[in-house]
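What follows is a short report on a single structure.
Please treat every number below as a calculation from the coordinates, not as lab data. All values reported here derive from a predicted model rather than from experimental measurement. Quick reminder, even Gly has a Cβ in these numbers, built from the backbone with ideal geometry, and neighbours come from all protein chains shown.
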Amino acid sequence: MPRGSFLSLLFTLAASTALAQDEDGSALKGGSRISVQVGGRFAFNNTFYDSYYARPENAGVARAAPSRFGPLVVGTFAYSITDSLELGIDLFGTLQQFDLTNQPRLTTTSYGALLGMRYQAWWDLGPHGTVPFLGVLTGPMLASTKFDGGKVRETLSQTWAVATGATLRLSPTWGLCVEYRHVFARAAVGQPDQRFSSLNAGGSWVSLGVTYNFPHQPSNPLERPF
């Protein structure tokens with residue numbers, strides 16, 4: 001076979017593979033997405049409760065029911081730098097309230113941004129495929145705590161998280177996404193002279209939402225110069 005014909009055959013096969021990947025959605029490189037999710041934040045704060053009720057002035061008092069859940073909203077903006085690696089930023093906000101015997105209600109809020117990398121793949125599952133992922137994220141969190149009628153106390157910290165989830169693509173652009181994040185962060189409570197233990201401002205975050213995938217064109221080998 002002449003050399004020119006052989007090269008033409010190779011480029012034709014490469015172009016056919018790229019076009020097939022574009023059609024079935026498996027070509028992830030160069031794609032970007034926006035995901036909006038809502039869900040719940042689950043955090044156990046046994047150390048915080050035990051520390052408070054271990055005070056001498058609270059000896060024998062009945063414990064209030066512990067709070068372990070609060071609402072969560074997350075927005076993700078991400079870009080696939082390769083078929084298997086995605087760079088993104090998660091903007092989030094959370095809210096939770098706590099009841100303590102002999103104390104006003106405690107309200108905590110937190111918001112911030114997590115920058116991270118997600119390893120992703122493509123499965124031939126669902127109308128237009130499924131994209132599972134596993135990632136590590138870090139970024140700043142500002143956590144605010146306030147007793148009813150009291151002063152706000154804020155804690156700015158570097159937060160770390162691991163995440164896993166998947167996006168079920170219902171069309172080339174729209175999909176349903178589910179994600180689990182385990183977040184590591186603490187928040188100070190009350191004023192320093194009140195001697196409260198810190199709160200777990202992270203915990204387990206479970207969210208469900210929608211994803212919009214921006215259309216993209218994979219590189220076409222036939223357009224490359226010889």
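Rounded to 0.05, the FRET efficiency of the Y180 and N58 pair, given R0 = 30 Å and the Cβ-Cβ distance, is 0.25. By the gyration tensor of its Cα atoms, with a ≥ b ≥ c the square roots of the eigenvalues, what is the shape of the range 120-180: rounded for a/c under 1.5, prolate for a/b over b/c, or oblate? It comes out prolate by the Cα gyration axes.
Within the range 120-173, which trypsin sites (Lys or Arg not before Pro) sit in a loop by DSSP and count at most 12 neighbouring Cβ atoms inside 10 Å? For trypsin sites (Lys or Arg not before Pro) across the range 120-173 that sit outside H, G, I, E and B with at most 12 neighbouring Cβ atoms in 10 Å, the list reads K151. Over all pairs of different C-alpha atoms in the range 156-197, the reciprocal of the mean inverse distance, the Kirkwood hydrodynamic radius, equals 13.8 Å. Kirkwood hydrodynamic radius computed over the range 85-186 comes to 15.8 Å, based on all pairs of distinct alpha carbons. Label zone (V36, point 7 Å along Cα-to-C-beta; backbone nitrogen cut-off 20 Å) within the range 90-104: 90-95. Restrict the search to the range 117-177; then list the chymotrypsin sites (Phe, Trp or Tyr not before Pro) that DSSP places in a loop and that have at most 10 other Cβ atoms within 10 Å of their Cβ. Here no loop site has a sparse enough neighbourhood.
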